[in-house]
Each structure stands twice: as C-alpha cells, then as structure tokens.
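Derivation of every value follows stated rules applied to the coordinates shown; laboratory data play no part. Remember, it's a predicted structure, so these values are computed and weren't measured experimentally. FYI the Cβ positions are ideal-geometry reconstructions off the backbone, even for glycines, and counts take in every protein chain you see.
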Amino acid sequence: MLRILYSDEHLVAIDKPAGLLVHRSSIDAQEERFAVQLLRDQIGRPVWPVHRLDKGTSGVLLFALSAEIAGLMGPVFEQGLARKRYQALVRGWPASGEGRIEHALARDPEKPSAGQLLLPALTDWRVLHRLEWPLVTDARFASSRFAVLELRPQQGRRHQIRRHLKHIAHPIVGDATHGKGPLNRAVAGHLGMQRLWLHALELELEHPLGGGRLLFSAEPGPEWALLDDAQ
C-alpha cells in the first residue's frame, strides 16, 4: 500500500518507493506495477500524475484527482513555480560546501543533444555531509569518497538533477545512465543493496484553486542510514 502524505478533493500526494514506475512506459515494458494504477486502486478513483519522478527515485509525488486540475497544475511545473528539494548520494567530495549548476539541457535526454533546442536549467546544491568508505573503486586509492547533497532544481527538465551532477563530475550513485557502472556495482556490494540514491524530500506550491500554499514532505527511507554505517 502506498503511503499517502496529503489528500483533499483535488490532490493527493504520496511517498513513492524507489523502483516503482509512475506510469506504463515502453522503456520498461516488462514492468507490471505502476504508481498510477496502485493509487487508483487504493483510493477507488482515477488519478493523474502532475509531474515526474524517475523509477529509481523515491519521495514526494503529486497527483490530481481530475483532468481539469491536472491541466491547471501543468503550467506550475512547466514555469518552475513549484519549489522542490532533493537529497542525493554522489561520487566524490565537491571542492566547496555549496554551489549552483547553470547548464542548459536538451529537451529529450534520450536523443543526441546536437540539433535539439537547449533549455535553461539551474540547480542549487549544498553538502549535507561527506563520507569515506574502505572501498576500492580505483587502484590508485585505498578508499572511496562520497557526499550527500541537498539539491534544489529551479526548473523541471527531464533528468535535470542527474544530468547536472554528471556535468560537474559528481554523478549520483546507482545512476545506470549518467553514472559509473563499476562504481555503482562496488557500492551496491558494499551496502548490500542497489538503488538510485536520489530522494524527493519536499514539494511546495500554491493550491490550484486558491487554497493557499502547500508543502509536502517525505523523510528518506531507512536505507539511507546504511550510508553512515558503511564507513
């Protein structure tokens, strides 16, 4: 059963577990479980996702309870009016404690960037803590360094956080597309579990029918405690 964070007659927010698709996708055609289907069955009415989380990402996911409300919510995300906060485990130690990634992104990350319109994209980040594990992922070093970052994307470009962190050479651990395969496998073996280490902590926006400011939040799951225990 999905954990419901908030519901009214127009919206419902859940804490999506890692590994669950939001809706059916040709990219993962063999998958048979989807958040849309599970939530619909759980609350007994149709739902419309108003933004995206990747399959591997956990955390706050918002749905509309009618097509009309979904239509009102679309511009909120398209125009960057929703404030989002994430947490990620990344490779390496950033040189400073905080920063901003300003790097335009092609609309479709699954196609070559050449020839595509590049869209403005900003992501603010800060280091929550640094980790060093007795894990050899490079023969030159006897240990491996990682950092847990807080991230605030200012837009909602597809895979924005994942692509931006790759751009600054601090890819998210467990990212099979934008990360490092050998590192991902080594960390999965070290921790005893495999996942994309990205979690949607908060989503803040105005209610579409003037019901005031809404803030949805989901604490990281217990697996994040493994990170400190692994040192």
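Residues Tyr86, Tyr6, ranked from the fewest to the most other C-beta atoms within 10 Å, line up as Tyr6, Tyr86. Here the simple spin-label model places points 7 Å from the Cα toward Cβ, and for Glu206 and Leu226 these points are separated by 4.2 nm.
What full-extension length gain, to one decimal in nm, is calculated for Glu68 and Ser143 as 0.36 nm per residue of separation minus the Cα-Cα distance?
21.7 nm
Is segment 1-75 best put as rounded, prolate or oblate by its Cα gyration tensor, with a ≥ b ≥ c the root eigenvalues, rounded for a/c under 1.5, and otherwise prolate when a/b is larger than b/c, oblate when not?
prolate
Distance check, please: which entries in Lys84/Lys180; Lys16/Lys84; Lys55/Lys111 exceed 21 angstrom between their Cα atoms? With Cα atoms farther than 21 Å apart: Lys84/Lys180. Going by neighbour counts of Cβ atoms within 10 Å, the residues Ser217, Ser113 line up, fewest first, as Ser113, Ser217. Taking 4 °C and 1.567 mPa s as conditions, the chain diffuses translationally at an estimated 69 µm²/s according to Stokes-Einstein applied to its Kirkwood radius (Cα pairs).
Over the chain, DSSP H runs of length four or greater, each weighted -39,500 (n - 2.57), average out per residue to a 222 nm ellipticity of -5500 deg cm²/dmol. Label positions at Arg3 and His190, each projected 7 Å from the Cα along the C-beta direction, are separated by 2.6 nm.
Set the Förster distance to 25 Å, then compute FRET efficiency between Glu98 and Lys180 from the Cβ-Cβ distance, nearest 0.05. FRET efficiency, Glu98 to Lys180: 0.60. Remark: segment 197-208, residue by residue, has Karplus-estimated 3J(HN,Hα) of 7, 9, 9, 7, 6, 9, 9, 10, 6, 7, 4, x Hz, where x stands for each Gly or Pro and the curve is 6.51 cos²θ - 1.76 cosθ + 1.60 at θ = phi - 60°.
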